[in-house]
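As structure tokens, the structure follows; a few thoughts come after it.
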């Protein structure tokens, strides 16, 4: 699977194992593993000035990819192909994200030394 022009920072699977998201600082690419496909490229989201760092699929909304950036979270619905930005999520680079299917929440950690929970 090729196509990123910058170093890849992070990868994550959706809960069903159908899609893999790969994150570089300037783009997120979605790869499909449905119906016997072996990593077929299906979609890309380019950053709008804020470098991407990490990603996780939302546990309660399987088509929603949460992307960590510098001070913000990008929410990308990979089926509807629309994205929105949650500004001021942290006061630094969002370094990692984790999802809990038990709680339906996403946790984010940042260089601001905070852990935040998102529904």
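Computed values, structure above
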{"read-out": "Subset tally (residues that are surrounded by 11 or more Cβ atoms within 10 Å (Cβ to Cβ) and either at pLDDT below 95 or over 15 Å from the mean Cα position of the chain (by Cα) (or both)) for the stretch 87-100", "value": "3"}
{"read-out": "Single residue of the stretch 75-85 satisfying the filter (in contact with a strand residue (DSSP E or B) (Cβ under 6 Å, 6 or more places away or on another chain) and modelled with pLDDT under 95) that is nearest to residue 18 (Cα to Cα)", "value": "78"}
{"read-out": "Selection count, the stretch 87-106, where residues are free of Cβ contacts under 8 Å to residues at least 24 places away in the same chain and either in contact with a strand residue (DSSP E or B) (Cβ under 6 Å, 6 or more places away or on another chain) or within 23 Å of residue 43 (Cα to Cα) (or both)", "value": "1"}
{"read-out": "Residue 106 over 23 Å from residue 4 (Cβ atoms) and either within 14 Å of the chain's Cα centre (by Cα) or modelled with pLDDT under 95 (or both)", "value": "yes"}
{"read-out": "Selected residue (criterion: farthest from the chain's Cα centre (by Cα)) from residues of the stretch 72-82 that are surrounded by fewer than 16 Cβ atoms within 10 Å (Cβ to Cβ) and part of a strand (DSSP E or B)", "value": "82"}
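The values are calculated or read from the model by the stated rules, or taken from the named source; none is laboratory data. What you are looking at is a predicted structure, and each value in this text was computed from that prediction instead of being measured. Note that we place each Cβ from the backbone using ideal geometry, even for glycine, and neighbour counts take in every protein chain shown.
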